[in-house]
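For reference, the structure discussed in these notes is given below.
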Amino acid sequence: MAVTAGSKVLNNVEAVRETLYEAMKSDDRTIILGEDVGARGNVFLITKDFINEFGPERVIDTPIAEASIVGIAVGMAMEGLRPIAEIQFADFIYPAFNQIVGEAAKTRYRSNGEYTCPLVIRTPYGGGVRGALSHSVSIEALFYHVPGLKIVAPAFPADVKGLLNAAIDDPDPVLFLEHKKTYRLIKGEVPEGHYTIPIGKANVIKEGRQLTVVSYGLYVHWALEAANQLENEGMSVEVIDLRSIRPMDRTTILNSVEKTRKLLIIHEDNKFGGIGAEISAMVAEEALFSLDAPIRRLAAPDVPAMGYAEPLEHEYMSSPAQMADAMRELVKF
Amino acid sequence: MATKSKTSGSASTLERRGLTDEQLVGILRTMLMHRRLEGRGFELNRQGKIPFASAGEGHEAVQAGAAMAFERGKDILVPYYRDLGLDIGIGLSPLEVLLSLFARVADHSGGRQFPHHYASKKLGLYSISSVLAAQLPHAVGAAYALKYRKETGRAVLATVGDGATSEGEWHESMNFAAIHKLPIVFLCENNEWAISTPLAKQMANPNIYERAEGYGMPGVQINGFDPIACYAAVKEAMDRARTGGGPTFIEAKCYRFLAHTTDDDDRTYRSREEVAERRKQDPVPTFERLLVEHGVLTAEGLEDLKRSVLAEANEATDRAESMPYPAPHDLYTNVYADSYQPWR
Ligand SMILES: Cc1ncc(C[n+]2csc(CCOP(=O)(O)OP(=O)(O)O)c2C)c(N)n1
Ligand SMILES: [Mg+2]
């Protein structure tokens, strides 16, 4: 990979690590707290050696108590610090649901702006890693219903850095989702130094004329692979990487659909009540008469989880080939 | 380390615990104002002027005593919903209370929150939800910030009901505060009831303070009807917290004389005899008598005090009632920092 001056090639783990490191270096209000973030340096080694450089007061190995990992971070944020709380795996965020939904997301609103909650909650999510029931979940649909919260799920290393910087700078709570299968799989050029990518802006990563595909996280990469294959077959597919789930970039989606007149939403989370449901409803409300085909969603079946056994995991997830099939069908509709 | 402190004020003795006459009268005034304003909430509800009110009758002593140990301009209070007396005691005005009851636009939350959910940086008063024990991790996080910034001389006072100590967030907060020796005092107002559920159904050991030792912090039990004892215990604990001595858990035993809220009917779960029996120890007339008997206040002075409390409460009621509600479009502000166009 040829590297542009002022950039370097990082994978997603390295992009998170570099961004956190720079935030710790540049602002001593920044505090990292979570399970095994100190001596071990996080289970994916994202914060390796941070504790040696920044000390145990700023890199806190917490007790195994997710509600208070978030709740204590809320208090720190209300008191002027800039906490970055880590939930070791998204599957373990449920005990913190109240603190995220009932407290962090409502601090500004309920105090009419007197108190704010500039808090980042980072967590690895997603499957395809033989993580079984409790190391594979997607949690975004459980949280995207909540005004007051922002949710980000970047796919590319440069977006990871720009959006994590934006999340850290943001005066409101941000749930920052890192797809763990992309951690080491996905590499890309990342600009050096501090820059931000606005939360709430999607990215058209491939332009096309005949179909709009909207996705986020790991599936962005697979959808792109499938769209490129269709290109070779003479079909033109536009791919949108949502990047932010809340607020959602309605303009980019609607503009694209107005142009291509067809919409496919692809996500790893199960279908019922997922992000695709909201996008479908929004497009149906705002652009129904621009559509030349029914909106289509390719998502996981409505079962509680992907299984540990390989066939169960495969059956739950969508493959690039299945994505290509869904795209072909819609283009030809 | 778990200790029971002795009662310091009986009708015959007055142990001042370092309190001046002015401070003693200040405590009584907070108690009187607390009772008056909560009574006002119930009256306004019965008159159909406000939809809801709650009351802390029976909590006046512990709250007014604790508030006297709070250093204004320095300490942080993270209360729960039944802490009107504490809120007033650290400087909240009757007008602010009435604005909250009437849900006016000038209320701290702009009329969004239930009564007595205040938020004032000036007072060091944290914003809370109604979710039990959810405020405790915030108090711990704030205490962590004080310690991290090496702001000695400041501490956090966090309160909780007896029932809410069954919540996981109570445990998590106690544990973290003890591990990091944070400048925080947990004050539990044990009124023996959690709506209709008595203590015996919340916990096998009714001595909540004994749990503190298990977390590695001192636990103290005090008579929550004795404002001076409450002041002394909270003061000692706050001083320890302010000087790097770590957290303390204080259990103040009191009682809730009225129903849980205006929407509750406590006759459905506890006898009138029980309530009448506990009323005999009502801390408000008891403390009035104590101060008069020991010459801190004359009988006439007490009447003046009561009159001034009533006048202030009446004036605040009239003023707040005449002030405007939030406008419908106020629903849309302060969702995020940036301007935000909600879908609808
Ligand atoms: C998490 C949560 N569960 C339930 C409730 C409903 N609720 C409100 S007050 C209350 C009883 C609380 O009792 P206690 O903690 O002893 O405080 P008290 O009201 O007696 O002062 C309950 C169950 C709530 N507000 N929050
Ligand atoms: Mg109670």
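Taking both sides together, the accessible area buried where A meets B is about 3700 Å² for a 1.4 Å probe. Protein heavy-atom surface of the range A:203-332, 1.4 angstrom probe: 49% of the accessible area is carbon and sulfur, with nucleic acids and ligands not counted. First check a/c for the range A:8-191, with a ≥ b ≥ c the square roots of the eigenvalues of its C-alpha gyration tensor; if it is under 1.5, answer rounded, and if not, answer prolate when a/b is larger than b/c or oblate otherwise. Cα axes put the range A:8-191 in the rounded bin. With both partners inside chain A, how many of the DSSP beta bridges are antiparallel, as a percent to the nearest 5? Counting only bridges with both partners in chain A, antiparallel ones make up about 25 percent.
Accessible area per residue for the range B:33-87, computed on protein heavy atoms with a 1.4 Å probe, is 27 Å². Across A:Thr251, A:Thr107, A:Thr196, mean-square fluctuation computed from a Gaussian network of chain A (C-alpha pairs under 10 Å connected) peaks at A:Thr251.
GNM on chain B, alpha-carbon springs under 10 angstrom: the most fluctuating residue among B:His180, B:His138, B:His329 is B:His329. Is the shape of chain B best called rounded, prolate or oblate, per the rule: a/c under 1.5 gives rounded, else a/b larger than b/c gives prolate, else oblate, with a ≥ b ≥ c the square roots of the Cα gyration tensor eigenvalues? Rounded, because the longest to shortest axis ratio a/c is under 1.5. Just the protein heavy atoms count here, and of the accessible area of the range B:1-146 at 1.4 Å, carbon and sulfur take up 53 percent. Inter-part distance, the range B:291-309 to the range B:186-210, computed on C-alpha centroids, equals 34 Å.
Could you check what % of the DSSP bridge pairs in chain B are antiparallel, to the nearest 5?
The antiparallel fraction comes to roughly 20 percent.
The range A:114-142: which residues show an accessible-area loss of 10 Å² or more, assembly versus chain alone, 1.4 Å probe? Output list: A:Glu114, A:Tyr115. Which trypsin sites (Lys or Arg not before Pro) from the range B:53-121 combine a DSSP loop assignment with at most 16 other Cβ atoms within 10 Å? The qualifying sites are B:Arg72, B:Lys74, B:Lys121.
Considering only beta bridges that DSSP places wholly inside the protein assembly as shown, some 20 percent are antiparallel.
Accessible area drop of at least 30 Å² (1.4 Å probe, protein heavy atoms): which residues of the range B:67-112 qualify, relative to the chain alone? Correct list: B:Arg112.
Surface listing: B:Lys147, A:Lys181 arranged by accessible area from highest to lowest gives B:Lys147, A:Lys181, probe 1.4 Å.
Taking every C-alpha pair closer than 8 Å and separated by at least 6 residues, the mean separation divided by the residue count of chain A gives a relative contact order of 16 percent. Separation of the range A:275-333 from the range A:82-118 is 31 Å, based on Cα centroids. Loop-located chymotrypsin sites (Phe, Trp or Tyr not before Pro) in the range A:176-237 (DSSP state other than H, G, I, E, B) with a sparse environment of at most 13 neighbouring Cβ atoms within 10 Å: A:Tyr195. Near A:Lys206: Cβ cut-off under 14 Å, other residues only, Lys/Arg at +1 and Asp/Glu at -1. The net charge is -3. Summary of the geometry: the range A:46-76 and the range B:254-270, compared by the centres of their Cα atoms, lie 42 Å apart. Counting only aspartates and glutamates at least 8 places from B:Lys253 when in the same chain, those with an alpha carbon closer than 14 Å to its own are B:Glu57, B:Glu60, B:Asp162, B:Glu189, B:Glu192, B:Glu210, B:Asp226, B:Asp282. Summing charges over all other residues whose Cβ lies under 14 Å from the Cβ of B:Thr261, with Lys and Arg as +1 and Asp and Glu as -1, gives -3.
Springs between Cα atoms under 10 Å define the GNM used for chain A, and in it the highest mean-square fluctuation of A:Gly75, A:Gly127, A:Gly234 occurs at A:Gly234.
Summing charges over all other residues whose Cβ lies under 11 Å from the Cβ of A:Glu57, with Lys and Arg as +1 and Asp and Glu as -1, gives +3. Taking the C-alpha atoms only, the angle from helix A:250-260 to the longest principal axis of chain A is near 20 degrees.
What whole-number value in Å² describes the accessible area per residue of the range A:234-333 for a 1.4 Å probe?
The answer is 45 Å² per residue.
For the residue pairs A:Lys181/A:Lys271; B:Lys4/B:Lys235; A:Lys206/A:Lys332; A:Lys8/A:Lys48; A:Lys48/B:Lys150; A:Lys25/B:Lys147, the C-alpha atoms sit more than 23 angstrom apart in A:Lys48/B:Lys150. The portion of the accessible surface of the range A:8-191 made up by carbon and sulfur, rounded to a whole percent, is 56 (1.4 Å probe; DNA, RNA and ligands excluded). Remark: the range A:8-191 carries 28 Å² of accessible area per residue (probe radius 1.4 Å; ligands, DNA and RNA excluded).
The values are calculated or read from the model by the stated rules, or taken from the named source; none is laboratory data. Only a predicted model underlies this, so the values are computations on that prediction, with no experimental measurement involved. Note that we place each Cβ from the backbone using ideal geometry, even for glycine, and neighbour counts take in every protein chain shown. SASA here: full protein model, heavy atoms, side chains in, ligands and nucleic acids out. Shrake-Rupley method; radii C 1.70, N 1.55, O 1.52, S 1.80 Å.
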